[in-house]
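The values are calculated or read from the model by the stated rules, or taken from the named source; none is laboratory data. Note that the coordinates shown come from a computational prediction; the quantities given were computed from them, not determined experimentally. Glycine also receives a Cβ, built like all others from the backbone with ideal geometry; neighbour counts cover every protein chain displayed.
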Amino acid sequence: MPKRVDHEERRQKIAEAVWRIAADRGLEAASLREVAAEAGVSMGRIQHYFASKDRMILFACEHMVELAEQGARELATAADGTETPRSVLRGVFAQTLPLDEQQRVGTGVWLAFLNRATGDHELAAFIRRAWTGTRDLVVEQLRRAQDNGEISAEVAPEQEATALVALADGLVSHLMVGHYTVEEALAAVDGQLDRLFG
């Protein structure tokens with residue numbers, strides 16, 4: 001019986017090779033040839049799945065966002081298996097920040113995608129959609145908290161969501177260069193959540 005090929009798994013392995021190259025040498029070094037070597041596959045295999053470097057990099061970014069969203073959902077689940085608006089928000093922001101070495105590496109790769117997106121309209125459009133999805137999730141949780149009576153009805157969910165997302169995004173750079181500690185960054189996030197959920 002012929003071996004069943006999992007094409008999505010192969011594409012994900014290629015994406016992971018892109019990430020490793022981006023983390024070690026920068027995204028510009030992630031040529032089709034270099035990614036093939038890193039992934040341990042032929043150039044033909046890479047070209048079978050991706051018509052160009054741009055398409056390969058876009059998929060690598062999409063896969064990173066997909067995993068980040070999954071990680072945020074896992075972090076949002078409280079110890080008893082329930083999710084509250086506050087735990088969801090805390091999970092989203094904890095996933096966003098480079099709190100450990102693995103997240104620092106991932107953040108470095110994400111920043112490389114952002115840098116490339118300044119000249120790649122398709123990648124920029126995807127990143128905007130991802131950010132919109134994050135903001136929409138925050139708005140949704142703030143509205144849910146209002147419905148539950150956990151935060152004031154006076155709170156403007158859209159405005160607060162923009163401020164919270166901007167806070168988390170701003171903390172990323174400070175953490176990456178060691179300007180703030182992990183504890184200081186989390187205290188800033190928790191302080192804003194305390195202000196809302198107080």
The condition from (1) assigned to a helix (DSSP H, G or I); (2) without any contact (Cβ under 8 Å) to a residue 60 or more places away in the chain that A22 misses is numbered (2)
The condition from (1) under 17 Å from V88 (Cα atoms); (2) surrounded by 15 or more Cβ atoms within 10 Å (Cβ to Cβ); (3) hydroxyl-bearing (S, T, Y) that Y180 misses is numbered (1)
Which helices (runs of 4 or more DSSP H) sit wholly inside region 39-133 and have at least 3 residues that are among the hydrophobic types (A, V, I, L, M, F, W, C)? 53-76, 85-96, 101-117
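Here's a check for you: in region 23-51, which residue that is of a type in the set (D, E) and more than 19 Å from D120 (Cβ to Cβ) is farthest from the chain's Cα centre (by Cα)? Walk me through it before giving the result.
Keep residues of region 23-51 that are of a type in the set (D, E), which gives 24, 28, 34, 38.
Now restrict to residues that are more than 19 Å from D120 (Cβ to Cβ): 24, 38.
Details: D24: 19, E38: 23 Å.
Selected residue: E38.
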Restricting to region 166-177, give me the number of residues that are loosely packed, with under 14 Cβ neighbours inside 10 Å and touching a Leu at 6+ places or on another chain (Cβ under 9 Å). 1
Residue, nearest to the chain's Cα centre (by Cα), within region 52-70, restricted to residues that are surrounded by fewer than 20 Cβ atoms within 10 Å (Cβ to Cβ) and either of a type in the set (V, I, T) or under 13 Å from R33 (Cα atoms) (or both): V65
Tell me, yes or no, whether region 65-88 has at least one residue that is modelled with pLDDT of 95 or more, in contact with a helix residue (DSSP H, G or I) (Cβ under 6 Å, 6 or more places away or on another chain) and among the hydrophobic types (A, V, I, L, M, F, W, C). no
For region 25-38, which positions are assigned to a helix (DSSP H, G or I) and under 28 Å from T134 (Cα atoms)? L27, E28
